[in-house]
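S.K.: Just passing along the structure, written as structure tokens.
The values are calculated or read from the model by the stated rules, or taken from the named source; none is laboratory data. Please read these numbers as outputs of a predicted model, since none were measured by experiment. Don't worry about glycine lacking a Cβ; one is built from the backbone with ideal geometry, like all the others, and counts go over all protein chains shown.
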Amino acid sequence: YDRRTIGSISEIYGQEYSAFYIRIFHAKKVVLLTLIVPGELLVGILSDYQAVFNVYIILLFGILIFLDDIRLSRQVKKRRLEIQLEFPNFINKLTLLLNAGLTISKAWEKISLDSKKDCTFYKEVEKTVSQLKTGVSESEAFGEFAKRLKAPEISRVMSTIIQNTKKGGKDLVLTLKLQSNESWEIRKNAVRRLGEEASTKLLFPMMIMFFAIIIIVVTPSLISMQGISNF
């Protein structure tokens, strides 16, 4: 569980900050666990020790404890989707600039300057440019880029670029064009999934309403049953 959590945190905040954010993540859970006991006591006093309300407060704290896990999972999913949507455009721009005679590092820098600064994908592109400017080798910088984004199609493209920077070759542009077509297919599938998820999200408010109705109907019955058993 901890390995999976720290992997997700590293993907969002970066490997260098993962140790800090995993402590915050677990600290929130510890705080909620310590609040359960006084919360149970308070609800017990206010509800005249009705057991059904204590059950509800346990369920509430249980939901709150795992809420951060759900939020983290959604952040990872959103990040990966944004990368899938932006990557085909990036490959197209890179191919055009390489065709125009720019080197890979100069083409990368040009794309970074012209890109959206608030986009997750282009923030990673900009980070790679910063690494290249500080003297990191192209193969190492592009390898780190692939590790941070953790997408199979990006890893394939980066391995092609790294191989080209090490050994040279004339087929890089052609290879990038082929991989660009593959990336566009992945983007189409991602957009199709978005449409399917939008329809399923409409069910969530209905489930909340249904759950609220169950609580309204069941709670008086449980209280009356408890009163009869006490009598």
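S.K.: Which of the residues belonging to the range 114-134 are in a helix (DSSP H, G or I) and either touching an Asp or Glu at 6+ places or on another chain (Cβ under 9 Å) or under 16 Å from GLN84 (Cα atoms) (or both)?
M.R.: The first filter runs over the range 114-134 and keeps only residues in a helix (DSSP H, G or I), leaving 114, 120-133.
Hits for the range 114-134 are THR120, PHE121, TYR122, LYS123, GLU124, VAL125, LYS127, THR128, VAL129, GLN131, LEU132, LYS133.
S.K.: Identify all residues within the range 71-91 that are free of Cβ contacts under 8 Å to residues at least 12 places away in the same chain and over 13 Å from LYS29 (Cβ atoms); write none if there are none. Give the derivation first.
M.R.: Let us first name the residues in the range 71-91 that are free of Cβ contacts under 8 Å to residues at least 12 places away in the same chain, namely 71, 74, 77-78, 89.
Correct list: ARG74, LYS77, LYS78, ASN89.
S.K.: Follow-up question, since we're still on this one. Could you list all residues from the range 1-35 that are of a type in the set (Val, Ile, Thr) and in contact (Cβ under 8 Å) with a residue 60 or more places away in the chain?
M.R.: THR5, ILE9, ILE12 - these are the residues of the range 1-35 that are of a type in the set (Val, Ile, Thr) and in contact (Cβ under 8 Å) with a residue 60 or more places away in the chain.
S.K.: Can you go through LEU97, LEU102, LEU85 and tell me which one is within 25 Å of the chain's Cα centre (by Cα) and either hydrophobic (A, V, I, L, M, F, W, C) or closer than 20 Å to GLN179 by Cβ (or both)?
M.R.: Values: LEU97 fails: within 25 Å of the chain's Cα centre (by Cα); LEU102 fails: within 25 Å of the chain's Cα centre (by Cα).
Criteria check complete, one pass: LEU85.
S.K.: Starting from the range 171-185, keep only residues that are closer than 11 Å to GLU153 by Cβ, then list their pairs with residues that are of a type outside the set (Asp, Glu) and modelled with pLDDT under 80 whose Cβ atoms are within a distance under 9 Å, requiring at least 6 positions of separation or different chains.
M.R.: Hits for this filter: zero, empty list.
Yes/no matrix, rows are residues, columns are (1) within 30 Å of SER183 (Cβ to Cβ); (2) β-branched (Val, Ile, Thr); (3) in contact with a helix residue (DSSP H, G or I) (Cβ under 7 Å, 6 or more places away or on another chain):
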| site | (1), (2), (3) |
| --- | --- |
| SER10 | yes, no, yes |
| ILE24 | no, yes, no |
| LYS29 | no, no, yes |
| THR34 | no, yes, no |
| GLY39 | no, no, yes |
| VAL43 | no, yes, yes |
| ASN54 | no, no, yes |
| LEU59 | no, no, no |
| ILE65 | no, yes, yes |
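S.K.: Another question about this same structure. ASN164 versus (1) farther than 21 Å from VAL76 by Cβ; (2) surrounded by 14 or more Cβ atoms within 10 Å (Cβ to Cβ); (3) modelled with pLDDT of 85 or more: which is the lone unmet condition?
M.R.: (3)
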